[in-house]
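Let me begin by presenting the structure, written as structure tokens, before commenting on it.
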Amino acid sequence: MASRDSTTHWTGGLNSGKGTVTLDSSNSGQFEVTFPRRIGEPEGTTSPEELIAAAQSSCLAMNLSGVLEKAGLSPKTIDVSAEVTVSPSDGGLTITAVDITLRADVDGVDEQKFQELAKTAKDTCPVSKALAGTTINLDASLA
């Protein structure tokens, strides 16, 4: 079983503080986080929501590739973008939606079958499963 880890070091209060997220497993980077930048313009910082969007888009691209191959199809390209919306709720924040745009270049499949396979990939993606309490909207089409 695979596991991945990340750590965050935070100093200060919510609005005046700041933190650094380190991607420990891959050692591929450290990223600054602040609450004001989380709900405002990013200005070079990341946020939990952006990291979730990255997880969703990369997971779905990999999962769709596998679903297509299992159906006997060979994808040429798969492009996935995910937008995670966070809104105020009950004195805090709530992730209210994940909007996914998926475009793929795949020979030998019609649009209807592709829609079926894309939905299967979304529904079986481990990140989608982890976000089961959130509305995940999928706009998929062949390129």
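Fewest first, what order do Cys59, Cys125 take by the number of other Cβ atoms within 10 Å?
Values: Cys59 20, Cys125 24.
Taking fewest neighbouring Cβ atoms as first place, the list is Cys59, Cys125.
Quick check: the angle from helix 48-70's long axis to the longest principal axis of the chain, C-alpha only, nearest 10 degrees? With rounding to tens, the tilt is 20 degrees.
List the pair-distance distribution P(r) of the chain, using every Cα-Cα distance, as the percent of pairs falling in each 5 Å bin from 0 up to the bin containing the longest distance, rounded to whole percents. Calculated P(r), rounded to whole percents: 2, 9, 17, 18, 17, 15, 10, 7, 4, 2, 1, 0.
The distance from the alpha carbon centre of region 1-73 to that of region 83-132 is 16 Å, rounded to a whole number.
Taken along the Cα-to-beta-carbon direction at a fixed 7 Å, the label points for Asp107 and Thr77 span 1.6 nm. Counting neighbouring beta carbons within 10 Å and listing from fewest to most, the residues Ser81, Ser3 come out as Ser3, Ser81.
Mean residue ellipticity, 222 nm, helices only, the chain: the sum of -39500 (n - 2.57) across DSSP H runs of n ≥ 4, divided by residue count and rounded to 500, is -10000 deg cm²/dmol. Net charge of the neighbourhood of Gln115, taken over other residues with C-beta under 11 Å away and scored Lys/Arg +1, Asp/Glu -1, is -1. Lysine pair count for the chain (Cα-Cα distance under 29 Å; residues 8 or more apart in sequence or on different chains): 11.
Throughout, read-outs are computed from the coordinates displayed, never taken from laboratory work. Since the structure is predicted, the reported quantities are computational estimates derived from the model, not experimental observations. All Cβ positions, even for glycine, are placed from backbone atoms using ideal geometry, and neighbour counts span all protein chains on display.
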